[in-house]
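Written out below as structure tokens is the structure these notes cover.
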Amino acid sequence: MQAAEFDRLVAEACERIPARFRKRLKNVAMIVEAEPSAGQLSRGRVARGATLLGLYEGRPLTLRSVFEPFAMPDRITIFQGPHERLARGPEHLAKLVEDTVWHEVAHYFGLNEREVRAAERRRK
């Protein structure tokens, strides 16, 4: 798949985030990369031989204060290659991207990995 097509899938997944959450996403850069780097795999605590679909890097809303000075944007990175390798077809790829975007946005809102997984189960 061309990078522009994958970018469109990510943009569509972002648009499907309910408005009540989307309007609270402030100072967040949504980035698409082909593959995770070694540093990103390390920061994502990915086990050897596993892969990373997305990565949230920043300070979750639940840990912020109105007294903090200006901060650089948080980053949500979605990785194209791992999604394409896991997808069983175009519809499945779109669903994987949507699930990954939701997962990383949940981290932005302060959910830890266990809480995100529980929320994902309820969402299905």
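The table for this structure:
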quantity	calculated
Near pairs, Cβ below 8 angstrom, 6+ apart or cross-chain, from region 98-109 (of a type in the set (Phe, Trp, Tyr)) to any residue that is surrounded by fewer than 20 Cβ atoms within 10 Å (Cβ to Cβ) and part of a helix (DSSP H, G or I)	TRP102/GLU120; TRP102/ARG123; TYR108/LEU61; PHE109/PHE21; PHE109/LEU61; PHE109/THR62
Residues satisfying the stated conditions in region 1-58, i.e. on the phi > 0 side of the Ramachandran plot and hydroxyl-bearing (Ser, Thr, Tyr)	none
Condition met for VAL101 (among the hydrophobic types (A, V, I, L, M, F, W, C), within 15 Å of PHE21 (Cβ to Cβ) and touching a strand residue (DSSP E or B) at 6+ places or on another chain (Cβ under 9 Å))	yes
Yes/no for ALA29 being in contact (Cβ under 8 Å) with a residue 24 or more places away in the chain, of a type in the set (Gly, Ala, Ser) and in contact with a strand residue (DSSP E or B) (Cβ under 7 Å, 6 or more places away or on another chain)	yes
Some residue of region 116-123 being in contact with a Phe, Trp or Tyr (Cβ under 9 Å, 6 or more places away or on another chain), in contact (Cβ under 8 Å) with a residue 24 or more places away in the chain and either in a loop (DSSP other than H, G, I, E, B) or of a type outside the set (Lys, Arg) (or both)	no
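Rule-based calculations on the coordinates, nothing more; no lab input. The model shown is predicted, which means the values in this text are computed figures rather than measured ones. When we count neighbours, we look across all protein chains shown, and the Cβ atoms used for this are built from the backbone with ideal geometry, even at glycine.
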